[in-house]
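K.L.:
Sharing a structure below in structure tokens format, with a few things to ask.
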Amino acid sequence: MRRVHLAARIARYVWAAPCTAVGLCLVAPAFLFGATARVVDGAIEIALSTFKSPNFLLGALPFNAITFGHVVLATSQTELDRLRAHEQAHVRQYERWGVFFFVAYPAASLWQLLRCRRPYIDNWFEVQAREGRSNEPREA
């Protein structure tokens, strides 16, 4: 039984790997400017700022945190701590959808926009993440 769980876990990482690779490529230059990284709950968390709160330049970003596969990028360690459960829900979504998440997420936003709703707030993936749910339960 343990092998089945290990195989399923490996499969989730492999399925999300292309998205994780995109995330790693996007954040690589940030390390030249002092970004820090650590692994938490199977995801690589990257804080752009070592300060408790984001600095002025980071305030220009349109997000406090964003997830690409198993890479979670946030403006500061404080934001990583505050948004960890939400971003981990997105990690689980990437594990289920794989590279198709790159199409499904914007499609869900477009669908909400076409219905005269809020494309971010009413996006099914965001609603799910705010509720602390993901598409499939996570094994320890």
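K.L.:
With Y120, Y105 as the choices, which residue is within 16 Å of the chain's Cα centre (by Cα), closer than 23 Å to E45 by Cα and either basic (K, R) or not in a helix (DSSP H, G or I) (or both)?
P.N.:
Working: Y105 fails: either basic (K, R) or not in a helix (DSSP H, G or I) (or both).
Y120 is the lone residue from the list that is within 16 Å of the chain's Cα centre (by Cα), closer than 23 Å to E45 by Cα and either basic (K, R) or not in a helix (DSSP H, G or I) (or both).
K.L.:
Now, a different point. Could you give me the residue pairs with C-beta distances under 7 Å whose first residue belongs to the stretch 77-88 and is under 16 Å from A37 (Cβ atoms), whose second residue is among the basic types (K, R) wherever it lies, and which are 6+ apart or on separate chains?
P.N.:
Going by the 7 Å Cβ cut-off, the qualifying pairs are T78/K52.
K.L.:
Name the residue that is modelled with the highest pLDDT, counting only residues in the stretch 1-53 that are farther than 18 Å from Q77 by Cβ and charged (D, E, K, R).
P.N.:
Among them, the one singled out is R12.
K.L.:
Return the pairs, sorted by first residue and then second, in which the second residue is of a type in the set (D, E) and at pLDDT below 95, the first residue lies in the stretch 119-133 and is under 10 Å from Y105 (Cβ atoms), the beta carbons are less than 8 Å apart, and the residues are 6+ apart or on different chains.
P.N.:
none
The values are calculated or read from the model by the stated rules, or taken from the named source; none is laboratory data. Remember, it's a predicted structure, so these values are computed and weren't measured experimentally. No Cβ is skipped: glycine too gets one built from the backbone with ideal geometry, and neighbour counts run over all protein chains shown.
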